[in-house]
Structure formats: C-alpha cells, structure tokens
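Visitor: Here it is: the structure, laid out below.
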Amino acid sequence: MNYILFDGTVRNTLLPFTFTRPVADIRVGILTIREKWEKYLGTTTTTITEEYLSEKFPMVEMEQNVMINASFLPNEVLSEMVSNLEPKQAIFKGEEVIAFYSEDSQDEVDFDKYEIIEYNEECLSIVHTWDIFAKNDAALREDFELLTEGRNSQPIPKSVNVIAPENIFIEEGAKLEFVTLNASTGPIYVGKNSEIMENSVIRGPFALCEGGQVKLGTKVYGATTVGPHSRIGGEVSNSVLMGYSNKGHDGFLGNSVLGEWCNIGADSNNSNLKNNYEEVKLWSYETGGFEKTGLQFCGLMMGDHSKCGINTMFNTGTVVGVSTNIFGSGFPRNFIPSFSWGGASGFTTYITKKAFETARIVMSRRNVEFDEKEAKILEHVFEETKKWRKE
C-alpha cells in the first residue's frame with residue numbers, strides 16, 4: 001500500500017518549525033513523526049505539504065493511497081487500524097480525520113461517501129509548538145519501547161553510575177564513561193555513535209540520537225531529546241533539539257524546542273517561568289498575536305538556522321523564527337521574526353546572501369550540503385515573513 005502523510009489543519013499552529021519541514025518531519029520523542037509511522041507500518045511514506053517544500057519533500061501518489069494526518073502519532077492499535085483500511089473507509093477521532101483510503105484525486109474527497117470508523121482510544125497528537133516538549137515525555141517512552149523491543153543493549157560500562165539499568169538502552173558505537181544515569185524516572189536511550197562525556201548527570205526520560213554529544217558535566221532533568229548530531233552542555237530540562245543543533249556550553253535551556261542548525265551561545269539562558277507565575281502566552285503565526293498556552297512553564301521556540309551570541313537572555317515564552325541572528329545585552333522581545341539581525345536594542349533584516357553564506361559553512365562542518373532546494377525554501381520563508389519584520 002502507498003501511504004502519504006499530510007499536514008492537516010495544524011501546519012500554521014506549528015510555525016516556525018513547519019516553515020522548513022512538513023508536520024511529519026517534526027521530532028518528538030526519539031523519532032520524527034514520519035519515522036514512527038514508517039516503523040509501525042513497515043514501509044516508506046511520502047508527503048503532501050506546502051508547494052514550496054514539495055521539491056525537498058515530494059509526494060508519490062498511486063491509484064490507491066492511504067492518507068494519514070501527520071499531527072497524530074501512531075501506536076500499535078492505531079497503526080493496525082490504518083493498515084487494515086479498505087477503499088472508502090476513514091478513521092476519525094472526534095471531528096478530526098486521522099486516515100482514509102482514497103482512490104480519487106485529493107481534490108475530490110467527500111467524507112459523506114465514506115464509511116466512518118471512530119477511533120476512541122488514547123493517542124498523542126501534536127497541535128501546537130509547545131506540544132513538542134509538553135508531550136515529549138510520553139512520546140519518548142513509546143519510542144523507547146518501539147525501538148528496543150526484542151533487542152539487546154550494548155553493555156553499560158563499569159564506570160557508569162547507574163539506577164534502574166533495565167530502563168537503559170545503548171546502541172552500537174556509543175561512548176560513555178564516569179557518568180550518572182538515573183532511569184528510575186524514565187527510560188534512557190543512547191544512540192549509535194553518540195557520546196556522553198564524564199561527570200554528566202542524566203535523569204530519564206532522555207534520548208541522545210545518533211551522533212549526538214553530551215558535553216562534560218552536563219545536567220539533564222529529563223523528558224529531553226537531543227536529535228541526531230546535536231550537542232548539549234550546561235543545564236537542560238524538558239527540551240527537544242530536532243537535529244544538527246548546538247547548546248554546547250553552560251547556561252539553562254528549559255521547556256524549549258530548537259529546530260535544526262541552531263546554535264545557542266555560551267552562558268545563554270532562557271526563562272521558562274514568569275515572575276508572577278501566570279500562564280505563559282506564546283506568539284501565534286496563525287492569529288498574529290499572543291495565544292494562551294495553558295502552561296505555567298514554557299521557554300524558547302527557535303526555528304531552523306537561528307543563532308544567538310554569548311550571554312543571550314530569552315524571556316519566558318519567546319518565539320524565534322527561521323535564520324535569525326541574535327546578540328547583545330538585555331532581553332530581546334519575545335517574538336523575533338525570521339531573518340532578523342540584532343538584539344534588545346533593535347533588529348534589522350538579515351539579508352539572504354549573508355544568511356546563506358553562514359548556513360553553507362555551518363552545514364559543511366557536518367558534511368551536509370546547502371543545496372539549491374534548501375536555498376529556495378529559505379528564500380520563500382524570507383518573502384513570506386516580510387510582514388513581521390521592520391524593513
């Protein structure tokens with residue numbers, strides 16, 4: 001069967017992360033949403049997304065397709081229901097479609113002609129940016145079970161101080177010595193060819209993905225994911241780094257999400273709790289204003305290719321767009337549009353020529369090419385986000 005993941009109704013509520021990727025390629029837990037579905041279904045998937053993303057994330061459509069709403073995370077029950085769908089059947093949870101079997105073009109779907117199957121079980125869904133960290137605990141536990149079932153971990157080195165070793169899984173090529181791992185509060189996954197340096201203290205649930213690195217003396221409080229080829233140091237709590245991003249030095253990152261190719265300067269910190277303990281509001285690209293999150297703890301949302309200099313301070317509930325460069329003393333405002341250059345004293349436009357030069361250098365350090373597809377995506381984001389910048 002041909003499976004196609006689509007963005008659904010949540011694409012705009014997941015900006016800035018969906019400026020540069022489909023909903024399916026958001027990482028939450030250990031895997032991206034796409035990787036989860038492919039693991040459960042045992043096959044590859046393609047994507048329906050924004051037209052400007054389609055060259056990098058193409059769709060393969062056949063005469064018979066099962067369309068899957070990428071905002072829903074799979075589990076054993078849901079994936080079995082999806083794999084058993086027949087023509088003109090659709091799975092709904094409440095008013096939201098999860099999946100449907102289509103033999104028509106996507107412009108002709110009429111659910112009044114479908115047999116509706118209600119899904120009434122619990123499942124995780126990602127609707128808002130803050131769901132990525134708020135639901136990371138549950139997603140990480142599910143991914144840990146999915147990835148480790150029936151497999152044996154590499155042995156835990158004798159120098160590692162460990163609690164609940166049965167909840168720890170170490171992949172081939174991982175390096176860790178003289179660290180403390182407490183998996184009594186949740187599983188700890190140490191990915192292939194990753195490294196946890198000496199004197200680091202990690203409390204689960206925690207995932208260090210392939211090629212990731214935890215630097216000397218790092219403190220991790222749990223429900224944290226360090227995506228592929230990312231680095232963390234200092235103090236990290238309940239945060240997700242999607243991949244190829246660095247928070248490599250002292251400073252605090254909490255209740256936050258970093259996209260790909262981000263860099264947090266040394267001794268930078270974010271606040272994740274307001275001084276008056278009130279509910280945190282977060283900038284919404286969908287409404288063009290600040291939206292209630294229902295959360296008391298909410299930190300930094302930073303889009304792909306954004307950077308901040310040393311000693312940067314982020315207020316509670318700060319949203320940073322794509323390809324920003326932030327520096328200087330003081331607290332910058334808590335919504336920083338894409339392609340902004342500056343800090344608390346003000347911003348100018350970060351022109352694409354300079355932004356692309358930096359991206360090309362940064363990506364080449366990880367042996368990844370900044371190609372024409374990537375440039376076209378970022379050019380589109382630059383144009384789309386002009387209205388929020390003061391030119």
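Visitor: With a probe of 1.4 Å, find how much accessible area the chain has per residue, and write the answer as a whole number in Å². Don't jump to the answer; show the numbers that get you there.
Guide: Working: 17010 Å² over 391 residues.
For the chain, the solvent-accessible area averages 44 Å² per residue.
Visitor: What area, in nm² and to one decimal, does the C-alpha convex hull of the stretch 180-231 cast on average over all directions? Please list the in-between numbers first.
Guide: On the way: hull surface 11.3 nm².
The Cα convex hull of the stretch 180-231, projected and averaged over all directions, gives 2.8 nm².
Visitor: Sticking with this one: Between LEU73 and residues 5 or more places away or on another chain, which pairs have amide H atoms under 5 Å apart, with H built 1.01 Å from N, and which residues are they?
Guide: Here LEU124, SER125, ILE126 satisfy the definition.
Visitor: Here's something else I'd like to know. Counting alpha carbon pairs within less than 8 Å and at least 6 residues apart, what relative contact order, in whole percent, applies to the chain?
Guide: Numbers: 1010 pairs, mean separation 40.1, N = 391.
Computed over the chain, the figure is 10 percent.
Visitor: Another question, then. Excluding residues fewer than 8 places away in the same chain, name every one of the lysines whose C-alpha is closer than 18 Å to that of LYS219.
Guide: Excluding near neighbours in sequence, the set is LYS175, LYS247.
Visitor: For every other residue with a beta carbon closer than 10 angstrom to the beta carbon of GLY265, add +1 if it is Lys or Arg and -1 if Asp or Glu, then tell me the sum.
Guide: Working: positive: LYS247, LYS307; negative: ASP267.
Net of charged neighbours comes to +1.
Visitor: Ok, one more. So, in nm, how far is label LYS353 from label ILE310 when the simple model puts each one 7 Å beyond its Cα toward the Cβ?
Guide: The modelled label-to-label distance comes out at 3.0 nm.
Visitor: Grab the beta carbon distance between GLU198 and SER345, set R0 = 41 Å, and tell me the FRET efficiency rounded to 0.05. Walk me through the numbers on the way to the answer.
Guide: Details: r = 40 Å, r/R0 = 0.97.
After rounding to 0.05, the efficiency reads 0.55.
Visitor: Using only the alpha-carbon atoms, what does the stretch 1-124 span along each of its principal axes? Please give whole angstrom values in decreasing order.
Guide: Largest to smallest, the principal-axis extents are 35, 30, 27 Å.
Visitor: Also: Given the chain, what percent of its DSSP beta bridges are antiparallel, to the nearest 5? If you can, show how the numbers build up before the last one.
Guide: Details: 19 of 83 bridges.
Antiparallel: roughly 25 percent of the beta bridges in the chain.
Visitor: Sticking with this one: Compute the projected area of the convex hull of the Cα atoms of the stretch 115-161, averaged over all viewing directions, and report it in nm² to one decimal place. Could you put the intermediate results ahead of the total?
Guide: Working: hull surface 25.9 nm².
Mean shadow area of the hull around the Cα atoms is 6.5 nm².
Visitor: So for the stretch 17-166, averaging the separation of alpha carbon pairs under 8 Å that are six or more residues apart and normalising by length, what relative contact order in percent results? Present the calculation step by step, with values, prior to reporting the outcome.
Guide: Details: 172 pairs, mean separation 36.5, N = 150.
Relative contact order, the stretch 17-166: 24 percent.
Visitor: To continue, here is another question. For the pair GLU172 and GLU210, how long in nm is the line joining their label points, each one 7 Å along Cα→Cβ?
Guide: 1.2
Visitor: Which FRET efficiency value, to the nearest 0.05, do you get for ALA164 and CYS123 by plugging their Cβ-Cβ distance into 1/(1 + (r/R0)^6) with R0 = 30 Å? Don't skip to the end; give the middle numbers.
Guide: Numbers: r = 27 Å, r/R0 = 0.90.
Using R0 = 30 Å, I get an efficiency of 0.65.
Visitor: Summing +1 for each Lys or Arg and -1 for each Asp or Glu, what net charge is found among the other residues whose Cβ lies under 13 Å from the Cβ of LEU85?
Guide: On the way: positive: LYS88; negative: GLU80, GLU86, GLU103, GLU115.
Residues near LEU85 contribute -3 overall.
Visitor: In the chain, carbon and sulfur make up what percent of the accessible area (probe 1.4 Å)?
Guide: 46
Visitor: Over the stretch 22-77, what is the relative contact order in whole percent, taking alpha-carbon pairs under 8 Å and six or more residues apart? If you can, show how the numbers build up before the last one.
Guide: On the way: 47 pairs, mean separation 21.3, N = 56.
Relative contact order for the stretch 22-77 comes out at 38 percent.
Visitor: Between beta-carbons, use under 13 Å as the cut-off and find the net charge around GLU235, counting Lys and Arg +1, Asp and Glu -1.
Guide: Details: positive: ARG203, LYS215, LYS219, LYS247; negative: ASP250, ASP267.
Result for the local shell: +2.
Visitor: Using 1/(1 + (r/R0)^6) with R0 = 41 angstrom and r between the beta carbons of GLU95 and HIS380, what's the FRET efficiency to the nearest 0.05?
Guide: Values: r = 31 Å, r/R0 = 0.75.
The computed FRET efficiency comes out at 0.85.
The values are calculated or read from the model by the stated rules, or taken from the named source; none is laboratory data. On a predicted model such as this, the values are computed, not experimentally measured, just so you know. Positions of Cβ are generated from backbone atoms using ideal geometry, with glycine treated the same way; all protein chains shown enter the neighbour counts. Remember, those area values only see protein heavy atoms, side chains included, never the ligands or the DNA or RNA. Shrake-Rupley method; radii C 1.70, N 1.55, O 1.52, S 1.80 Å.
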